[in-house]
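*Asks:* Below is a structure I'd like to ask you about.
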Amino acid sequence: IGVHQLRKAEDFRRRRLAIADAYDAALQGVPGVCIPQVEDREGHGWHLYVIQVDSDQLGIGRDAFIERLIARNIGVSVHFIPLHVHPYYRERYTLRPDDFPNAWSAYERILSLPIYAKMSDDDVRHVIDAVRDIAAGGAR
């Protein structure tokens, strides 16, 4: 299975790049949403497309933003959870979220939008429209 998938890897990467390009073009400049800044777009694997939300500007936090995307049938997730809040480290070293404020702040702002090779252009447009609508509506 792996060898067969390797033959398709470059096509998959190119499709994910096209999706990332579409996200970038549509989400650039959306108030309260920060898109990824990548130096080597061609070399990037684009296995994740991580945005940051500014809760002060939007009037809603990351979790509410995620809930609204899920309500629109969009699968989003948080792929980064700071190490110091995982149970082992938290308990073993009695760590609190604010012990590492930069990691905690990033965690509270980021989420991953769907990005996979089999996404249709309609799927991509649906995600874009939802992100733009939610950002525009804020605390509605």
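The values are calculated or read from the model by the stated rules, or taken from the named source; none is laboratory data. Bear in mind that the values here come from a model prediction, so they are computed numbers and not experimental data. Because the Cβ atoms are built from the backbone with ideal geometry, glycine has one as well, and the counts that use them run over all protein chains shown. What goes into the accessible areas is simple: the full protein's heavy atoms, side chains included, and nothing from ligands, DNA or RNA. Shrake-Rupley method; radii C 1.70, N 1.55, O 1.52, S 1.80 Å.
*Asks:* What do you reckon, is residue 20 touching a Phe, Trp or Tyr at 6+ places or on another chain (Cβ under 7 Å) and modelled with pLDDT of 95 or more?
*Replies:* Yes: the conditions hold for residue 20.
*Asks:* From the list 19, 66, which residue is under 16 Å from residue 128 (Cα atoms), crowded, with 17+ Cβ neighbours inside 10 Å, without any contact (Cβ under 8 Å) to a residue 60 or more places away in the chain and not charged (D, E, K, R)? Before you say what the answer is, go through the steps one by one.
*Replies:* Numbers: 19 fails: without any contact (Cβ under 8 Å) to a residue 60 or more places away in the chain.
One residue alone meets the criteria, 66.
*Asks:* Starting from residues that are closer than 13 Å to residue 33 by Cβ and not hydrophobic (A, V, I, L, M, F, W, C), keep the ones in the stretch 44-55 and report whichever is least open to solvent (accessible area, probe 1.4 Å).
*Replies:* Step one: list which residues in the stretch 44-55 are closer than 13 Å to residue 33 by Cβ, which gives 49-55.
From what's left, not hydrophobic (A, V, I, L, M, F, W, C): 49, 52, 54-55.
Working: 49: 0, 52: 65, 54: 62, 55: 57 Å².
Per the criteria, the residue is 49.
*Asks:* Another one. Can you work out which of the residues in the stretch 69-92 that are of a type outside the set (Phe, Trp, Tyr) and touching a strand residue (DSSP E or B) at 6+ places or on another chain (Cβ under 7 Å) is least open to solvent (accessible area, probe 1.4 Å)? Give the steps one after another, and end with the answer.
*Replies:* Residues of the stretch 69-92 of a type outside the set (Phe, Trp, Tyr): 69-79, 81-87, 90-92.
Imposing the further condition that a residue be touching a strand residue (DSSP E or B) at 6+ places or on another chain (Cβ under 7 Å) reduces the set to 76-79.
Numbers: 76: 23, 77: 42, 78: 43, 79: 115 Å².
The extreme case among them is 76.
*Asks:* Further question: Would a scan of the stretch 98-110 turn up a residue that is under 13 Å from the mean Cα position of the chain (by Cα) and open to solvent by 50 Å² or more (accessible area, probe 1.4 Å)? Spell out the reasoning first.
*Replies:* From the stretch 98-110, those under 13 Å from the mean Cα position of the chain (by Cα) are 106-110; that's our starting set.
Those still in the list that are open to solvent by 50 Å² or more (accessible area, probe 1.4 Å) too: 108-109.
Yes; the residues of the stretch 98-110 include at least one that is under 13 Å from the mean Cα position of the chain (by Cα) and open to solvent by 50 Å² or more (accessible area, probe 1.4 Å).
*Asks:* Quick check on this structure: which one of 69, 48, 111 is touching a Gly at 6+ places or on another chain (Cβ under 9 Å), under 28 Å from residue 11 (Cβ atoms) and at pLDDT 95 or above?
*Replies:* Numbers: 48 fails: touching a Gly at 6+ places or on another chain (Cβ under 9 Å); 111 fails: touching a Gly at 6+ places or on another chain (Cβ under 9 Å).
69 is the lone residue from the list that is touching a Gly at 6+ places or on another chain (Cβ under 9 Å), under 28 Å from residue 11 (Cβ atoms) and at pLDDT 95 or above.
*Asks:* Turning to a different aspect of this structure: What pairs come out if I take residues in the stretch 31-45 that are within 29 Å of residue 61 (Cβ to Cβ) and pair them with residues that are among the aromatic types (Phe, Trp, Tyr) and open to solvent by less than 60 Å² (accessible area, probe 1.4 Å) whose C-beta lies under 6 Å away, six or more apart or interchain?
*Replies:* Sorted first by the residue in the stretch 31-45, then by its partner, the list stays empty.
*Asks:* Moving on to the next point. Count, please, the residues in the stretch 1-16 that happen to be free of Cβ contacts under 8 Å to residues at least 60 places away in the same chain, open to solvent by 50 Å² or more (accessible area, probe 1.4 Å) and among the hydrophobic types (A, V, I, L, M, F, W, C).
*Replies:* 3
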